[in-house]
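Report on the following structure.
The values are calculated or read from the model by the stated rules, or taken from the named source; none is laboratory data. All figures in this text were calculated on a predicted structure; none of them were measured in a lab. Note that each Cβ is placed from the backbone with ideal geometry, even for glycine, and that neighbours are counted across all protein chains shown.
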Amino acid sequence: MPKGIYIRKPLTEETKRKISESNKGKIRSEETKVRLSLSKLGEKNPMKRPEAREKARKRQLGKVHTEGTRKKMRLSHLGNKTKVWKGDKAGKSAFHKWIRTIKPKPNFCEKCHKKKKLDLANIKNHKYTRNPDDYQWLCHKCHSKLDFPDGLIGKNIKKKNGI
Ligand SMILES: [Zn+2]
């Protein structure tokens with residue numbers, strides 16, 4: 001369309017509205033197309049990653065719990081170290097499950113080599129990587145030292161769980 005036409009023949013409100021609407025529609029559909037193609041691109045498809053599926057599942061589960069239930073759940077974890085270590089943070093248990101399959105539980109603590117009840121510990125500052133070398137099977141004592149080197153174990157466990 002030649003430029004001049006708009007100067008000689010001003011657009012009516014109706015025409016302006018139509019143009020504006022059709023442009024809005026174009027922007028929206030372009031955005032949607034880009035979003036869809038990005039979300040479905042190979043590894044970027046969130047549902048291809050097990051941790052994303054686990055996260056989505058946890059989110060769904062979370063919806064079921066009322067604030068009261070959450071409080072009860074938190075309190076039931078208090079003073080139970082095993083449950084504290086297992087944690088209820090999204091993704092953590094999925095990682096542990098995965099690590100367990102490639103790093104089988106030994107009979108002895110990997111740090112003090114004593115035969116005790118063992119926890120799977122992340123030794124890289126709780127960054128749940130996919131490298132099995134970032135994990136160690138530790139007894140509660142060595143795991144505590146790893147997570148709370150300052151020794152304020154009880155206080156920090158409460159802090160960690162938001163109590
Ligand atoms: Zn140990």
- Message: Under 7 Å between Cβ atoms, which residue pairs at least 6 apart in sequence (or on different chains) link something in region 100-117 that is closer than 14 Å to Pro132 by Cα with a partner that is more than 14 Å from the ligand (Cβ to nearest atom)?
- Response: Ile102/Pro132; Lys103/Pro132; Lys103/Tyr135
- Item | Single match in Lys155, Lys89 (criterion: among the basic types (Lys, Arg), at pLDDT below 60, away from the ligand (no atom under 16 Å from the Cβ) and in a helix (DSSP H, G or I)) | Lys155
- Only residues that are among the basic types (Lys, Arg), more than 19 Å from the chain's Cα centre (by Cα) and under 28 Å from Arg49 (Cα atoms): list them for region 95-113, please. Arg100, Lys103, Lys105
- Message: Being loosely packed, with under 15 Cβ neighbours inside 10 Å, within 16 Å of the ligand (Cβ to nearest atom) and part of a loop (DSSP other than H, G, I, E, B) is the requirement here; does Lys114 meet it?
- Response: yes
- Inside region 108-133, can you point out the residues that are modelled with pLDDT under 80 and out of contact with any helix residue (DSSP H, G or I) (no Cβ under 9 Å at 6 or more places or on another chain)? Asn125
- Which is among the hydroxyl-bearing types (Ser, Thr, Tyr), within 16 Å of the ligand (Cβ to nearest atom), modelled with pLDDT under 80 and surrounded by 10 or more Cβ atoms within 10 Å (Cβ to Cβ), of Thr82, Thr32? Thr82
- Can you find even one residue in region 130-137 that is free of Cβ contacts under 8 Å to residues at least 40 places away in the same chain, out of contact with any Gly (no Cβ under 6 Å at 6 or more places or on another chain) and near the ligand (Cβ under 10 Å from one of its atoms)? yes
